[in-house]
2 protein chains.
Amino acid sequence: MQHFGDYIREARLRLQEEDRSFSLRQVAGRVGIEPAYLSKIERGVFAPPSEATIVKIAEVLNEDADVLLAMAGKLSSDLQAIILQRPKLFADLLRQLKKAPDHAILSVVREVTDGDW
Amino acid sequence: MQHFGDYIREARLRLQEEDRSFSLRQVAGRVGIEPAYLSKIERGVFAPPSEATIVKIAEVLNEDADVLLAMAGKLSSDLQAIILQRPKLFADLLRQLKKAPDHAILSVVREVTDGDW
DNA sequence: TTGCATGTGTAATATATACTACACATAAGT
DNA sequence: ACTTATGTGTAGTATATATTACACATGCAA
């Protein structure tokens with residue numbers, strides 16, 4: 001699997017083809033970081049940035065923040081907070097679901113969506 | 001709610017009533033940290049220690065590591081890893097379950113346990 | 001009554017995290 | 001041609017994280 005940097009570089013370049021304003025410098029500007037910093041992140045010279053910065057990058061590049069965070073090895077703090085409120089319950093659930101196939105989890109999600117508790 | 005330090009101090013003192021070997025110094029020894037450090041953690045002078053150290057404390061004090069970690073505001077890295085492998089899927093699930101009552105989550109766990117996928 | 005164990009104060013340190021600032025060479029636009 | 005924008009190299013820094021080392025006063029135990 002490719003790393004965080006490759007992924008966002010490719011996403012940015014894809015957007016740049018249609019819209020010149022997606023240069024590294026301008027994206028860095030919108031994200032609120034130094035161009036040199038973004039450059040190093042994209043090339044994997046530096047580690048992925050902080051959660052807050054990743055979320056901003058996701059917004060600017062129209063990417064899914066949870067996925068970007070995951071590629072950076074980070075879990076968004078709102079999800080953490082959800083688990084930490086009922087640690088035993090969610091720990092059990094997650095360990096159970098660890099080996100479940102995607103469709104099994106999806107059906108659980110759907111089931112809960114129509115939640116009749 | 002009380003903080004991490006209070007919680008482990010009380011757990012330790014409870015054990016110490018039955019078994020003198022649960023002095024701060026000896027517990028620190030078994031955990032593998034300096035007594036002065038554990039002392040400060042217990043009193044909240046220092047922040048809770050690293051994940052690895054919390055897990056050792058949990059072992060020594062016969063406490064649930066997930067709960068101890070949660071009190072320290074940390075999510076165990078094995079649970080993180082589970083989520084990070086399928087971030088979108090689990091992000092959706094967790095956000096759905098955020099407001100679900102405990103019994104609803106428990107029934108999902110049970111359901112998945114007998115999983116027939 | 002002295003000697004070991006107990007808990008705790010002060011000070012310092014090592015490592016990681018998350019960046020910034022500046023300079024420079026190349027390429028593109030007018 | 002000229003200026004403007006582009007990506008990147010080098011160097012440095014601020015803050016947080018996770019801990020150790022040493023010293024000291026009090027208490028219990030033999």
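The values are calculated or read from the model by the stated rules, or taken from the named source; none is laboratory data. This one's a predicted model, so the numbers in the text were calculated from it and none came from an experiment. Using ideal geometry, Cβ is built from the backbone for each residue, glycine included, and neighbour counts are taken over all protein chains shown. Heavy atoms of the whole protein, side chains included, go into the accessibility calculation; ligands, DNA and RNA do not. Shrake-Rupley method; radii C 1.70, N 1.55, O 1.52, S 1.80 Å.
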Taking the Cα centre of region B:26-112 as origin, sum charge times position over the Cβ atoms of Lys and Arg (+1) and Asp and Glu (-1), and report the length of that vector in debye to the nearest 20. 320 debye
What do you get when you divide the Cα radius of gyration of region B:4-75 by 2.2 N^0.38 Å, with N the number of residues? 0.97
I'd like the mean, over residues of A:92-105, of how many other protein chain beta carbons sit within 10 Å of each residue's own Cβ. 6
Distances in nm between the label point of B:V67 (7 Å along Cα→Cβ) and its equivalents in the other copies, shortest first, are 3.9
Put the label 7 Å from Cα along Cα→Cβ for B:Q2; what are its distances to the other copies, in nanometres, shortest first? 5.2
Calculated label separations, A:S50, copies of the chain, 7 Å along the beta-carbon direction, nm: 2.2
Rg followed by Dmax, in Å, when the protein assembly as shown is reduced to its Cα trace: 21.8, 72
Could you tell me the distance between the Cα centroids of region B:3-51 and region B:70-117, to the nearest Å? 30 Å
Buried solvent-accessible surface, both chains (A, B), 1.4 Å probe, Å² to nearest 100: 3900 Å²
Cα-centre dipole for the protein assembly as shown with unit charges at Cβ (Lys and Arg positive, Asp and Glu negative), debye to 20: 760 debye
Heavy-atom surface of chain A, accessible at 1.4 Å and reported per residue (Å²): 55 Å²
Approximate spin-label separation A:L24-A:H3, in nm, with each point projected 7 Å along Cα-to-Cβ: 1.5 nm
At 1.4 Å probe size, with the rest of the protein present, what percent of the exposed accessible area of region B:4-75 is carbon and sulfur atoms? 48 percent
